[in-house]
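The values are calculated or read from the model by the stated rules, or taken from the named source; none is laboratory data. Predicted, not measured: the structure shown is a model, and the values here were computed from it. Counting neighbours? That spans all protein chains shown, and the Cβs are built from the backbone with ideal geometry, glycine included. Remember, those area values only see protein heavy atoms, side chains included, never the ligands or the DNA or RNA. Shrake-Rupley method; radii C 1.70, N 1.55, O 1.52, S 1.80 Å.
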Amino acid sequence: MSIIGKYFIFLGKLFSNREKFKVYTRLTVDEAVQIGIGSLLIVSIVSFFLGAVTCVQTAANLDNPFVPHYIISLIVRDSTILEFAPTITGIVLAGKVGSNIAGELGTMRITEQIDALEVMGINSTSYLVLPKVVASIIVFPMLVTLAAFLSIYGGYLAGWLTGAISPQEYIQGIQFEFNAFNVPFALIKSVVFAFLIVSISAFKGYFTSGGALEVGQASTAAVTNSCIAVLIADYLLAQLFVTA
């Protein structure tokens, strides 16, 4: 409970005694470029092959002649938009972005750079962490949108090249009884996951103490805790929006 309380106090400091708006604008743009561009390759590869594998395995299990083939792409579409794109992308980014943030802030803590900012009268929590949070909230939905597109396209190519489903049937399944709310629901997930991943990772890195060993431990704890938080939030959001 003390750690949870410390975490919420940490979040409160993000919005108190802030610097000028133009300072955060520059920092936010820099963080958005670092998070977004730096994560494009891994997100693209994981999403593309995830969609391809989903299509091939679904086709292999739906060998009943009474089941129409377009059900394959329908399953790929719904599983991708509702779960794979936001959640798997969030977990991948927790490993990449979260560990990087925790390591960066942990190194700044043990080298007393954060203490130097405090001595100069700067709210180090807001100055260092708030731009990362805002940038991730902006960039994560873009990465999730890209992940959803590449995953569905990967399923299209895999189904076409393996002969599991024709392109016409795949397009039919994508369009069949499409629930438009699934898209904003996935984007809501991405915003929540972005906030959790960055804030938890920053919290672990900001309060690092010791030396290089503790920085590594903080990075590991940041990834582990972020993944757990993403999965719990995924369940709670599903209960809130899907079953409501």
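Number of residues in region 200-244 that are over 25 Å from Ser124 (Cα atoms) and either touching a residue at least 40 places away in the same chain (Cβ under 8 Å) or touching a Leu at 6+ places or on another chain (Cβ under 7 Å) (or both): the value is 8. Residues considered: Pro131, Pro141, Pro184. Of these, the only one that is under 19 Å from Leu50 (Cα atoms) and not in a loop (DSSP other than H, G, I, E, B) is Pro141. Filtering Phe178, Phe203, Phe140, Phe193 for residues that are surrounded by 23 or more Cβ atoms within 10 Å (Cβ to Cβ) and in contact with a Lys or Arg (Cβ under 9 Å, 6 or more places away or on another chain) leaves a single hit, Phe203.
Of all residues in region 38-68, those satisfying the criterion of being among the aliphatic types (A, V, I, L, M) and either at positive phi or in a helix (DSSP H, G or I) (or both) are Leu40, Leu41, Ile42, Val43, Ile45, Val46, Leu50, Ala52, Val53, Val56, Ala59, Ala60. Residues in region 3-22 that are open to solvent by less than 50 Å² (accessible area, probe 1.4 Å) and free of Cβ contacts under 8 Å to residues at least 24 places away in the same chain: Gly5, Gly12. Checked against the criterion of being within 15 Å of Ala85 (Cβ to Cβ) and crowded, with 18+ Cβ neighbours inside 10 Å, region 127-135 has no qualifying residue.
If you go through region 203-214 and keep only what is within 17 Å of Leu128 (Cα to Cα) and hydrophobic (A, V, I, L, M, F, W, C), you end up with Phe203, Phe207. Each residue in region 59-75 was checked for being within 18 Å of Ile171 (Cβ to Cβ), open to solvent by 60 Å² or more (accessible area, probe 1.4 Å) and among the aromatic types (Phe, Trp, Tyr), and 0 pass. So for region 112-123 (the condition being under 30 Å from Gly51 (Cβ atoms) and modelled with pLDDT of 85 or more), does at least one residue qualify? No, the conditions are met nowhere in region 112-123. The residue pairs whose first member lies in region 38-51 and is more than 14 Å from Leu157 (Cα to Cα), whose second member is of a type in the set (Asp, Glu), and whose beta carbons are closer than 6 Å, counting only pairs six or more residues apart or on different chains, do not exist in this structure. Criterion applied to Ile81, Ile91, Ile122, Ile71 was being out of contact with any His (no Cβ under 8 Å at 6 or more places or on another chain), over 21 Å from Ala158 (Cα atoms) and in a helix (DSSP H, G or I), and the one residue passing it is Ile91.
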